[in-house]
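Here's the structure, in structure tokens; my notes come after.
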Amino acid sequence: MKIFTSAQIRSIENAVIEKEGVTSIELVERAASAITWEIMSRWRPSRPMMVFAGPGNNGADALAVARMLADEGYTVTVLLFNVTDRGLSDACRHYRDELTNVPGVSFTEITNDFNPPVITRDAIVIDGLFGSGLKEPLKGGFKSLVDYINSSNATIVSIDMPSGMFGEWNEATLSRDVVHATLTLAIEFPRLSFFIQDNAEFLGEWKVLDIKLASNESRGEQSPYYLLEKKDVKRILRQRPEFCSKADFGSMLLVAGCYGMIGASQMAALGALRSGIGRLTVHGPRCGFIPMQTSVPEAMFHADQHDIVITDISPKHEYDVVALGPGIGTHDYTVRAVENFINMSTNPLVIDADGLNCIAQRPNLLEHVPPMSVITPHAGEFDRLFGPHTSHESRLKTAVEKSAYYSIIILLKGRYTSVVRPDGKIYFIGSGCQALATPGSGDVLTGIVGSFIAQGYTPDLAAAIGAYIHGMAGTLAAENDGTFGVLATDVARNISKAIRDILN
Ligand SMILES: NC(=O)C1=CN([C@@H]2O[C@H](COP(=O)(O)OP(=O)(O)OC[C@H]3O[C@@H](n4cnc5c(N)ncnc54)[C@H](OP(=O)(O)O)[C@@H]3O)[C@@H](O)[C@H]2O)[C@@H](O)CC1
Ligand SMILES: Nc1ncnc2c1ncn2[C@@H]1O[C@H](COP(=O)(O)OP(=O)(O)O)[C@@H](O)[C@H]1O
Ligand SMILES: [K+]
């Protein structure tokens, strides 16, 4: 699913109005009925509804919802804030006029002074102050109003977006003068800002409501941001032909492990094998030989000359891909081995974990990472490579810049993993869940991404579908075991099931 900017959504909306002859009142009506249904499916008419409406079409949505809820027997208090110079939008005025004598609605239009009403704990606050038309961070009376709403203990439902939040970048809103919703009901499209962790506290749970706007107009519109869905992964994954052999599914060298972290080699190896690699060789220190050969007998093991750390990475054969880093530590010998290996590499690599920490000790080394390599940092590893960041948003912006500069793919891990391509395209992956926050989970991902590159997928797609399948495997593991205590090996065990589900 493409993720559009607020400006693009506005132009899609205008195109629908102009070309398809739909009026803006009809669009508000569609949005409001979808929102009303969602509210009715969650809360009974015994819950008091308190509607805060702004002067634009976000306010119009809120007023239309107020009328619909009143028609369904809810008690509704409406406060319309008509305090800006421009006055009300046409749709907002239309719904205001309609509301003035609807039974069950207590309506107040504020044009000047405002005495805040008591918001009881059982109230459902409907936040329709501002949506995609917000021009600058809230200040003055609206800032106080938002603080007031946030300080109540009520349930807050934001229409389209929490008021005060922007659809894209929110660096300017770090002052937190934004409605903190319990539930955000986005109209037709999710926004870029929904996928950035800094905004999670504003959004609460979020859901996209379909109002059938994703018409021809949106299909033709280009966007650099994309939410990867199951159907996309299905389209990308190739079915295996009946007449096939392991030679068709590529070979991978996994450089992983050191004394005390051989488990990382095991997790990454399982990730690669469970996602269908044809042949896997693990290179690690000699101490890894027995545990690897016993716990993952499907993988070959190539021992370093050193007992406890990796000192030399010189592949003895051709491999379709080399994945480097899980559990290798940052011993001087290993840093030197990583440096020498990267300097002589020409094909795309997958670099994770301590592989990245080794690079962080030799910053110029990034210049020599082969183009289209995939690096898979979590926030901490990312900051070690590229310097400290104070927000997830700024980290994502740096990822876009560094991906272009070094011509590499940056898979930035998190609740929504972002796969950033050098051309600025970002795939967001949301298939995972809390169960994945477990040691070794990232190692499994490294194995999966390497395995898909070896199987012939381009590194950007291997990273994107790899992250999707990894997330889904974690979610499947959580279906059995809950979100506490899923092991990375459980995630690995569910990879083949995830792939089967996707292909079916
Ligand atoms: N997408 C769709 O298809 C559909 C979208 N729909 C809905 O429309 C919403 C977008 O509506 P919108 O464009 O009218 O903008 P909205 O958010 O109501 O705000 C504009 C008003 O706020 C004011 N204002 C701005 N910043 C301000 C500030 N800092 N402080 C104070 N005031 C400020 C601004 O005043 P101005 O600056 O122009 O003078 C103007 O009066 C969208 O979120 C969704 O809910 C559905 O109805 C139908 C289908
Ligand atoms: N709350 C969460 N929701 C979804 N995915 C998560 C969550 N927490 C962690 N993950 C995923 O789990 C993996 C953790 O990787 P990483 O931090 O490298 O773990 P480790 O270093 O232990 O292997 C990443 O793919 C990340 O996206
Ligand atoms: K809102």
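Beyond 18 Å, what share of the Cα-Cα pairs of the range 24-105 remains, rounded to the nearest whole percent? So the pairs more than 18 Å apart make up 35 percent of the total in the range 24-105. The Cα-based radius of gyration and maximum Cα-Cα distance (Dmax) for the range 342-443 are 13.0, 39 Å. Once all protein chains are placed together, SER407 keeps about 50 Å² accessible to a 1.4 angstrom probe.
Here the range 241-503 is treated with +1 on each Lys and Arg Cβ and -1 on each Asp and Glu Cβ, and its dipole about the Cα centre works out to around 240 debye.
Other residues with beta-carbon under 12 Å from the beta-carbon of SER441 carry, at +1 per Lys or Arg and -1 per Asp or Glu, a net charge of -2. In sequence order, the range 196-205 has phi-based couplings of 10, 4, 4, 8, 4, 5, 7, 7, x, 6 Hz under the Karplus curve 6.51 cos²θ - 1.76 cosθ + 1.60, θ = phi - 60°, and Gly or Pro positions carry x. Taking the Cα centre of the chain as reference, the dipole from Cβ charges on Lys and Arg (+1) and Asp and Glu (-1) amounts to some 780 debye.
I'd like the orientation of helix 57-71 relative to the chain: the angle between its Cα long axis and the longest Cα principal axis, in ° from 0 to 90, rounded to 10. Long axis of 57-71 versus the principal axis of the chain: about 70 degrees.
Here the Karplus curve 6.51 cos²θ - 1.76 cosθ + 1.60, taken at θ = phi - 60°, turns the phi angles of the range 147-161 into couplings of 4, 5, 4, 5, 7, 6, 9, 6, 7, 10, 10, 8, 8, 6, 8 Hz, with x standing for Gly and Pro.
Against the main long axis of the alpha-carbon atoms of the chain, helix 262-274 sits at an angle near 70°. Solvent-accessible surface of protein heavy atoms, probed at 1.4 angstrom with all chains present, puts THR294, THR184, THR489 in the order THR294, THR489, THR184, largest first.
By the equivalent-ellipsoid construction on the alpha carbon gyration tensor, the range 300-354 comes out with semi-axes of 17, 13, 11 Å, ordered largest to smallest.
Compared with the alpha-carbon gap, the fully stretched path from THR75 to ASP423 is longer by 120.1 nm at 0.36 nm per residue. Residues ASP147, ASP127, sorted by accessible area with the largest first, give ASP147, ASP127 [1.4 Å probe; ligands and nucleic acids excluded].
For ASN364 and MET40, the difference between the fully extended length at 0.36 nm per residue and the C-alpha to C-alpha distance is 110.9 nm. The figure for ARG10 is an accessible area of roughly 110 square angstrom, using a 1.4 Å probe on the protein chains alone.
Close amide H partners of VAL282, meaning residues 5 or more places away or on another chain with modelled amide H under 5 Å apart, are LEU254, MET300, PHE301, HIS302. Accessible area ranking (1.4 Å probe, heavy atoms, ligands and nucleic acids excluded), largest first, for CYS258, CYS433: CYS433, CYS258. Given TRP206, LEU228, SER193, which one lies farthest toward the positive end of the charge dipole of the range 191-240, if we put +1 on the Cβ of every Lys and Arg and -1 on the Cβ of every Asp and Glu? Value computed over the given set: LEU228.
Label sites at LYS212 and ARG121, each approximated as a point 7 angstrom past Cα along Cα to Cβ, lie 4.3 nm apart. When a 1.4 Å probe is rolled over the protein heavy atoms, the share of accessible surface on the chain that falls to carbon and sulfur comes to 51 percent.
Compared with the alpha-carbon gap, the fully stretched path from LYS19 to TYR148 is longer by 42.3 nm at 0.36 nm per residue. Projecting the Cα positions of SER106, CYS92, SER132 onto the charge dipole of the chain (unit charges on Cβ atoms of Lys, Arg, Asp and Glu, taken about the Cα centre) puts SER132 furthest along the positive direction. Taken per residue, the accessible surface of the range 290-443 reaches 42 Å², heavy atoms only and a 1.4 Å probe.
Of the beta bridges in the chain, as assigned by DSSP with both residues counted there, near 15 percent are antiparallel. Which distance in nm do the two modelled labels at LYS234 and ASN101 give, with both placed 7 Å along the Cα-to-Cβ direction? With each label placed 7 Å out from Cα toward Cβ, I get 5.4 nm. With contacts taken as Cα pairs under 8 Å at a separation of at least 6 residues, the chain carries a relative contact order of 12 percent.
Simple rule: put +1 on each Lys or Arg Cβ and -1 on each Asp or Glu Cβ in the chain, find the dipole, and look at GLY260, ILE375, SER158; the Cα lying farthest toward the positive end is GLY260.
Every Cα-Cα pair of the range 241-503 was included, and the share exceeding 23 Å stands at 46 percent. Within the range 86-105, find all residues whose amide N lies under 15 Å from a label point positioned 7 Å from the Cα of GLU136 along Cα-to-beta-carbon. What the label zone holds, given the 15 Å backbone N cut-off, is 86. Computing FRET efficiency as 1/(1 + (r/R0)^6) for GLU221 and ALA437, where r is the C-beta to C-beta distance and R0 is 25 Å, gives about 0.10. Distance between the 7 Å Cα→Cβ label points at ALA172 and ILE110: 2.3 nm. With a cut-off of 13 Å between beta carbons, the residues surrounding MET261 carry a summed charge of -3, where Lys and Arg count +1 and Asp and Glu -1.
Surface exposure of the range 2-223, expressed per residue as accessible area with a 1.4 Å probe, stands at 43 Å². Quick one: plug the Kirkwood hydrodynamic radius of the chain (C-alpha pairs) into Stokes-Einstein at 37 °C, 0.692 mPa s, and report D in µm²/s. For the chosen part, D equals 133 µm²/s. Just add up the charged neighbours of GLY73: K/R +1, D/E -1, any other residue whose Cβ is under 13 Å from the Cβ of GLY73. It works out to a net charge of +1.
Computed from the Cα positions only, the extents of the range 2-223 along the three principal axes stand at 46, 38, 37 Å, in decreasing order.
The values are calculated or read from the model by the stated rules, or taken from the named source; none is laboratory data. Quick caveat: nothing in here was measured; it's all calculated off a predicted structure. No Cβ is skipped: glycine too gets one built from the backbone with ideal geometry, and neighbour counts run over all protein chains shown. Just so you know, the surface numbers come from the protein's heavy atoms only, side chains and all, with ligands and any DNA or RNA stripped out. Shrake-Rupley method; radii C 1.70, N 1.55, O 1.52, S 1.80 Å.
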